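Report on one structure; see the data block that follows.
The values are calculated or read from the model by the stated rules, or taken from the named source; none is laboratory data. All figures in this text were calculated on a predicted structure; none of them were measured in a lab. Counting neighbours? That spans all protein chains shown, and the Cβs are built from the backbone with ideal geometry, glycine included.
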Amino acid sequence: MLNENMKAIRKSKGLSQEELDIKLNVVRQTISKWEQGLSVPDSDMLISISEALETPVSTLLGETVIESEVDDLKAISEKLEIINLQLAQRKTTRRKILHWLLISLCAVIVIISVVLILLNSPYLGWDYNDSETAVAGAAFHAFEWVFIRLAPIILIGAVVGVFLTRKKV
């Protein structure tokens, strides 16, 4: 059935075996063998044939699908509605995740700030004659210095983000 359908569809499209073999990047003898029923294309090639002939695979395999245009439009609209619902759910889920990540970021910034305030820069009293202590003190100081300058900006941005991503009623 595939061989007969393939030959009939190819001819109805006005394609020669040579033209089809160029589209499929195979030799003409391969097309001839398929149309004579001597061999069968694999599934990937069957998809390529359907694309080259602009015909569904089911038609190539012999399935006749007769649906009215109204049914087609109804099916398409139902599928689009399902896709729109899925996209809306994804958007809502992403918004919720971002919202809670921003809330978590605010909490982490506040916790680190409280810890830094309570510690009151302990590295200032360390003995920097030991190289390991000096490296640790310099790293701790660099972290504190960068954090104190960036935390307020990040906190303000996160708070604004929390308000922008909240659930609108």
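Some points to look at:
- Any hit, region 108-127, residues being over 29 Å from Trp145 (Cβ atoms), out of contact with any strand residue (DSSP E or B) (no Cβ under 7 Å at 6 or more places or on another chain) and not in a loop (DSSP other than H, G, I, E, B): no
- Within region 134-159, the set of residues being exposed (fewer than 13 other Cβ atoms within 10 Å of the Cβ) and of a type in the set (D, E, K, R) comprises just one member, Arg149.
- For Ala8, the test of being among the small types (Gly, Ala, Ser), at pLDDT below 90, out of contact with any Phe, Trp or Tyr (no Cβ under 9 Å at 6 or more places or on another chain) and in a helix (DSSP H, G or I) is passed.
- Within region 36-45, restricting attention to residues that are part of a helix (DSSP H, G or I) and free of Cβ contacts under 8 Å to residues at least 24 places away in the same chain, the residue that is nearest to Leu24 (Cα to Cα) is Met45.
- No other residue among Ile83, Ile103 is assigned by TED's automatic domain parsing to the domain that holds Ala158 and either surrounded by 13 or more Cβ atoms within 10 Å (Cβ to Cβ) or assigned to a helix (DSSP H, G or I) (or both) apart from Ile103.
- Residue in region 133-141 that is over 30 Å from Thr55 (Cβ atoms) and not in a helix (DSSP H, G or I) present: no
- Residue satisfying condition, being out of contact with any Pro (no Cβ under 6 Å at 6 or more places or on another chain) and either without any contact (Cβ under 8 Å) to a residue 60 or more places away in the chain or under 30 Å from Lys7 (Cβ atoms) (or both), within set Thr165, Thr93: Thr93
- Selection status of Thr92, more than 39 Å from the chain's Cα centre (by Cα), modelled with pLDDT under 95 and surrounded by 11 or more Cβ atoms within 10 Å (Cβ to Cβ): no
- Among the candidates Ser77, Ser68, Ser104, residue that is among the hydroxyl-bearing types (Ser, Thr, Tyr) and modelled with pLDDT of 95 or more: Ser104
- Hey, Leu124 touching a His at 6+ places or on another chain (Cβ under 9 Å) and free of Cβ contacts under 8 Å to residues at least 40 places away in the same chain or not: yes
- Where Ile111 falls short, out of the listed (1) under 23 Å from Val162 (Cα atoms); (2) free of Cβ contacts under 8 Å to residues at least 60 places away in the same chain; (3) within 31 Å of the chain's Cα centre (by Cα): (3)
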